[in-house]
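Novice: Sharing a structure, written as structure tokens. Questions coming.
Nothing in this text is a laboratory measurement; each read-out follows from the coordinates by a stated rule. Just so you know, these numbers come straight off a predicted model, no measurement behind them. Quick reminder, even Gly has a Cβ in these numbers, built from the backbone with ideal geometry, and neighbours come from all protein chains shown.
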Amino acid sequence: MLLIKSKSLVLKILFTSTNILCCLVDIQGNVIFWTSVGTQKIKGTKKITSTAIETTFKQLLKEVKILGCNYLHIQLKGFNKNKKFILKFFNQAKLEILSISDQTSLPHNGCKARKARRI
């Protein structure tokens, strides 16, 4: 485990279609701790449920408290309906959230449509 000098950390959360990956990073970009919903021995579509996400973030919250961090910058990436649930969880955790940024890439116009078949 790395010793950190600053009191603020960056929490990067990546939402995929079947999993949620969390990475705790210091300001310089060095990884301190990472976890995912899949590391909790939960398989299949149960990984996206709110209870599975809550257990993962409780583990992450314990790690943040051990490190003595008071301030968080949160970066979200990906599409998921549980983004608001996660933000509510961190607001209740008595942590000071300095910034929230959503880095989800959106398509500009999508793929080119297929040409219509003429018979």
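Novice: Select one label from [x] 70, 30, 25; [y] 82, 67, 29; [z] 40, 31, 25: the one whose number is Cα extents along the principal axes in Å as derived from the coordinates shown.
Specialist: This structure yields the entry labelled [x].
Novice: Still on this model: For the residues 22, 111, what sequence is obtained by ranking on other C-beta atoms within 10 Å, fewest first?
Specialist: Placing the least packed residue first, the sequence is 111, 22.
Novice: Right, something else. What FRET efficiency comes out for the pair residue 8/residue 113, r = Cβ-Cβ distance, R0 = 30 Å, nearest 0.05?
Specialist: That gives a FRET efficiency of 0.05.
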